[in-house]
Structure formats: C-alpha cells, structure tokens
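Colleague: Let me give you the structure first, and then I'll get to my questions.
Laboratory data are not the source of any read-out in this text; all were calculated from the coordinates shown. Since the model is a prediction, treat every value here as computed from it, not as a measurement. Counting neighbours? That spans all protein chains shown, and the Cβs are built from the backbone with ideal geometry, glycine included.
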Amino acid sequence: MTERCDLGPALRASLPHALPATLRDHLTAAYGATSVRLYLTDYGGTVLRSCDAPEGGDVSLPVANSPEGRALGSQEPREQQAPHGEAVDHHLPVTVRGDRIGILTVRLPAARSTPAVLDELRQIAGQLGHEILVAERDTDVYQRARRVSRLTVAAEMQWQLLPARACATAQYALGAQLEPAYAVHGDNFDWASDGDALTLTVTNGMGQGVEAALLTHLAVSAMRNARRAGAGLADQAALADQAVYGHYRGACHVSTLLLRVELATGRMEVVDAGSPQLWRLRGKSVERVEPDRQLPLGMFEESHYTAESFTVEPGDRLLFVSDGVYEAPSPRGGTYAERALARALGATRLLPAAMAPGAVLRDVAEYRGAETLDDALVLCFDWFGHALGQAATGG
C-alpha cells in the first residue's frame, strides 16, 4: 500500500523527539487510528512506560500482567477490545534484532482491523524500533521515558556502556540483565559479531559506586579497542590488563570472562580472568563449565593470558552469572549456588534467551529475601548452530 511506503521517509524526516507524534499523524490519516501509544520497556524489564509526549501523563503498565506485557513476552501481536464502541486495540512488539524495546498500541475501528492491516502495522512497529535507536543519539526523550526512578550516576555510566539487552540471529540468541537496574555499579556485559565470530565478555569491576563504574568502563573500553584492532581473545585480555594496571598500578582489578565462538563451526575459546561463572544447559543436564582460572585484569604488570578451546553444540544454552548471583546469601543460610542456582538455570529451559536472565534474577531476589545493593548479572547465550539456525527467527 502507498501509505505504508510513505511511513519510512516520514519517520526518517521526523525530529528525533517527535517520532510518536509523526507516527500518530500517519496512522490516523492512513488507517483511521483513534489512538496511538508507544510504551518502552524500563531498565528493570518489569514495566512498560508510556512515551506519548503529546498526550502527556505518566502511565506505567506491568510486563507480568497486562495485554501489552503479554505481547512483549510472546513477541506476537495481541488484540484487545477497546472499552467503548467497536474499536480494537492492537498491541505490537517493537523489537530490533531481538532487543525488546517496547510495545506500540494502535486503536483501530473494527472494520479496519483486517489481517492485511495488522501485517502492515507489524512492519511499521519494526521500522519504529530502528528509528528510535537512531533518534536516541540526539534526544533524551526515550531514555527518560524508560525510567521508573532516577538512575545513579554509576548506573547511568553502565547502561550507556552496554550493547543492548538482547540480540537474535539465525545462529544464536542473546539476552542479559543487570540488577539493581537503577543502581548497578561494577557489573557489565558486552558482545559483538563480525560475521565470522561472536565475542562475549562478562565483567565485574571491584568496588562500589562511580569508582567501580569507572574501573569497568576502562576495562571494557580497552577490550573493545583491542578487539576492533583485530587482536585475538588472549591478547584482548592482555591489553586490557595493561590498561587497568597502567592506571591503577595494581590497587584495583577487574574480573572478566571472555568468550569467542566461531559461527561456522561452534568452536569456542574462553579466557577466565576472574569471578564470573559459566554454566551450560545441554539436553536435560545443567553443569558448570570451569576453564582454568587466570589472574583478574590489572592485578599485576604484564600478566599473560591463554585461551582454552571448547565446542558448543546446537541446542546448547550457556549462562554467565556474576558473584552477585552465585554468592547471594539466604536468611536461612547457604549461598544461592549451593542451594538453588542449578535448579533456577534449568527452569529457564523453555524461555527465550531474552527472558531467561530476568527469570533467574527474580529467583535470586526471592531466595535472598532482602534488598541489596550488590550487583547481579545474568547473560544467556543460545546456540542454534548453522543448520538449525536457518529455521530460527530473530524478531
């Protein structure tokens, strides 16, 4: 349809902060929409926040118990009868390469709610997601809308350093989450694919607050710098080690787990330089993978690192957990790793990678039974493999 073809240029020409208004005007004219609302997933992944600037209002919807939240979880459009009249609300996932940005809700007259129109709206929601990611370089509107409360300065630094919270391709799917989302300081995850290989890192800078965030920022930036220069995994660790030691002279260090997967073969290299743990779900088994422990980054001058080789098989799920997860204490005694971690990881088996980290972290919070400022991080990596990946969908 002509209307659909016109939307891409209209969104690209929109002022960065005005995407919702531009979208509303287009959908009203082209489809007879009587209401258009954009909801963005908050930093904790538990709430959908309204980003409807013209109408204003501070509207929050729970992800766990709302039609919009169910559409986000299933990644399929949901229909809901509007409160008055014969209109229908269409809740459409706004997702970019597996990263679940939010939900677009479009209210249409029942007569206009046809399968063809719904298919067009799904494509429009995808276009909108891409434009939001571009627009965020030039406006704070969308990041501000995601906040249930104010981020600490350390958390602001960490969230700006992250790649995304999920990514999905034909060969693999990733999902990760940090807690406490609004006050995280030293934990970090990173990933990048160059077409031949996928590199993952999970990092925990020692200390608290801004000092921990600064330390992690230096280490992650150094690893990215080495990776982008074409260095291998062991050299990425060594160069980051030098950068951290050069600045802190051994007074501070960073625990990091680095992993590289060859996308054509599933061959995996691992450098274990600290405290993050690696667990594997294969078939019905849940087991910890324990590479040789090496020195954390920055502890000593010119430390040497070596990479070990493993193989990831189609259907494997790898989960990375920080010490804030496996060392979480219970009021009844015992750590989470001793009493609950393997069970919780196994319970994620049927969840998509994007949702598994949140499920584990909710279980950790219930086990702990008390609020804490300790960082906790879970990263989930699903490997479909080349053959199985051809049928996988990335969202």
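Colleague: Using only Cα atoms, find the angle between the long axis of helix 209-228 and the longest principal axis of the chain, and express it within 0 to 90 degrees, rounded to the nearest 10.
Modeller: 90
Colleague: If you don't mind, another one. For Glu156 and Arg293, calculate 0.36 nm times their separation in residues minus their Cα-Cα distance, and state this gained length in nm to one decimal.
Modeller: 46.2 nm
Colleague: Something else about it: Under 5 Å between amide H atoms, partner at least 5 residues away or on a different chain: which partners does Ala197 have, H built in plane at 1.01 Å?
Modeller: Leu263
Colleague: Which of the peptides 111-123, 369-381, 212-224 is most tightly packed, and how do the rest follow, judged by the mean count of other Cβ atoms within 10 Å per residue?
Modeller: In decreasing order of mean packing, 111-123, 369-381, 212-224 become 212-224, 369-381, 111-123.
Colleague: Let me have the relative contact order for the chain, percent, based on Cα pairs under 8 Å that are six or more residues apart.
Modeller: Computed value for the chain: 15 percent relative contact order.
Colleague: Let me ask something else about it. Any idea what the dipole of the stretch 196-321 comes to, in debye rounded to 20, about its Cα centre with Lys/Arg Cβ at +1 and Asp/Glu Cβ at -1?
Modeller: With only Lys, Arg, Asp and Glu charged at Cβ, the dipole is about 360 debye.
Colleague: Could I ask something else about it? Angle, helix 356-368 long axis vs. longest principal axis of the chain, Cα atoms, 0 to 90°, nearest 10?
Modeller: So the helix axis and the longest Cα principal axis differ by about 70 degrees.
Colleague: Run the dipole for the stretch 116-164 about the Cα centre, Lys and Arg Cβ at +1, Asp and Glu Cβ at -1, nothing else charged, and hand back the magnitude in debye, nearest 20.
Modeller: I would put it at about 280 debye.
Colleague: Quantify how much of the Cα-Cα distance distribution of the stretch 51-176 extends past 26 Å, in percent.
Modeller: Beyond 26 Å sits 27 percent of the P(r) for the stretch 51-176.
Colleague: Now for a separate question. Relative to the first principal axis of the alpha-carbon coordinates of the chain, what is the inclination of helix 19-31, with its axis defined by its Cα atoms, in degrees from 0 to 90 and to the nearest 10?
Modeller: 40
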